[in-house]
Amino acid sequence: MKKILLFSALMAAVMLSGCSERYELKKDLKQALKVAVEQNKQQAARMDGFEGKLPRTFEKGEVKFTDASGWVCGFFPGSLWLLYEHTGDEELKTLAEKYTRRVESAKDDKGTHDLGFMVFCSYGNAYRLTGDEYYKGVIEQAAKSLVTRYNPTVGCIRSWNTHRKENPELDFMVIIDNMMNLEMLEWVGGYDEITRSHAYTTIKNHFRDDYSTYHVVAYNEQTGEVVEKRTAQGFSDDSAWARGQAWGLYGYTMMYRMTGDETYLTQAVKIADYLIPRLPADAVPNWDYDAEHQQKDSSSASIMASALIELYGFTQNETYLATAERQLRSLSSEEYLAKVGENGNFLLKHGTGHLPGKSEIDVPLSYGDYYFIEAAMRYLAL
């Protein structure tokens, strides 16, 4: 009887400890979102003087801009929409409306695969929160533009436009990031053949036996044959570039949500089970899991945390939630979370954009902020 009572007492203590830790994390995340509100309001005030521009990063003491042609253009207005949803602050809604319109011309851009990032993160959140048909119309037009890049022989949506004259057979390139753009097509509807083909072809050709993913797969667009598998932003062709792995995890978790196809859930689970044991102590990945050079990428952690919280909802696997908690705990700490007025009014520090290209190294990244805000809100909703 004493042993039973002792065991019960120990179990109660463990449960209380877990509840206490989650309470503290939620408190920290609420505070982080308050910081996000102030940072984004200050960022919006700065951007007011730069017509047509949107914030991308903060580098060498200066905010670097993009416009409606840049793949990151939708993340700042998207962040404003998420923060409006979290707070109900009408000032944030007004700012979100203003900066979302700076993205509108992207809807007709048939030269990019990134229209999901560009339009759905901004206009998608806008329509979800307002029901304004104007936003829906822009999304539908963006979807029409995006599907012009689909090649039925390859079975994928083209990523980059490389125009390789010397090696034209390598010209049809598909990157793992492209999984993220399928959400917009699934939401609009009517493009099932394209989205499912792209997702299944990516499972077949992008992923290695251990469920890590290549960054780039080049196809012969005449035959659909795989010609080359390599990296562009990672350490080597055979390495696991951290953000690419996060895009894959998020993309297949999202595709399960949108379709209910168990194949996608299985893929997401396999990716998660590959990644989690490879995380460092603070659960914020190095820019590439196989690189000797150590350089954190906070954006990879924010994308992964958001995906793991959603994956936990589908699987009830506590390891996924506990890992997301580790990541959010780190990202909301002083090591990664900027103070109000610092970091160029971005939220997260220590992002890595393209290390081999010597671009955006140890800087804030607008997409890192967006997915951190999304992850924090998802966690607070549990």
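Miscellaneous remarks
- Count of Lys pairs (Cα-Cα under 19 Å; at least 8 positions apart or interchain) in the stretch 42-148: 12
- Mean separation of Cα contacts under 8 Å (6+ apart) over length of the chain, as relative contact order %: 16 percent
- Within a straight-line Cα-Cα reach of under 16 Å, residue 26 can be paired with the following lysines, leaving aside sequence neighbours fewer than 8 residues apart in one chain: 34.
- Pair-distance profile P(r), taking every C-alpha pair of the stretch 102-198, with 5 angstrom steps and integer %: 2, 14, 25, 24, 16, 10, 5, 2, 1, 0
- Cα convex hull volume per residue for the stretch 42-148 (Å³): 92 Å³
- Only the Cβ atoms of Lys and Arg (+1) and of Asp and Glu (-1) were treated as charged; on that basis the dipole of the chain about its Cα centre amounts to roughly 640 debye.
- GNM top mover of 227, 284, 37 - the chain, alpha-carbon springs below 10 Å: 227
- Highest-MSF residue in the chain out of 86, 215, 350 [GNM, Cα springs under 10 Å]: 86
- Listed values (1) 0.98; (2) 1.38; (3) 1.09, entry calculated as Rg/Rh (Cα atoms, Kirkwood Rh): (1)
- The magnitude of the dipole of the stretch 42-148, with charges of +1 and -1 set on the Cβ of Lys/Arg and Asp/Glu and taken from the Cα centre, is near 280 debye.
- Listed peptides 46-55, 365-374 by packing density, highest first (mean Cβ within 10 Å): 365-374, 46-55
- Between 266, 162, 57, the Gaussian network model of the chain with springs among Cα atoms under 10 angstrom shows the greatest mean-square fluctuation at 162.
- When peptides 307-314, 124-131, 203-210 are ranked by their average number of other Cβ atoms within 10 Å per residue, the highest-first order is 307-314, 124-131, 203-210.
Bear in mind that the values in this text are calculations on the coordinates, not laboratory data. Predicted model, so just to flag it, every value in this text is computed and none were measured. In this analysis, Cβ positions are derived from the backbone assuming ideal geometry, glycine residues included, and neighbour counts consider all displayed protein chains.
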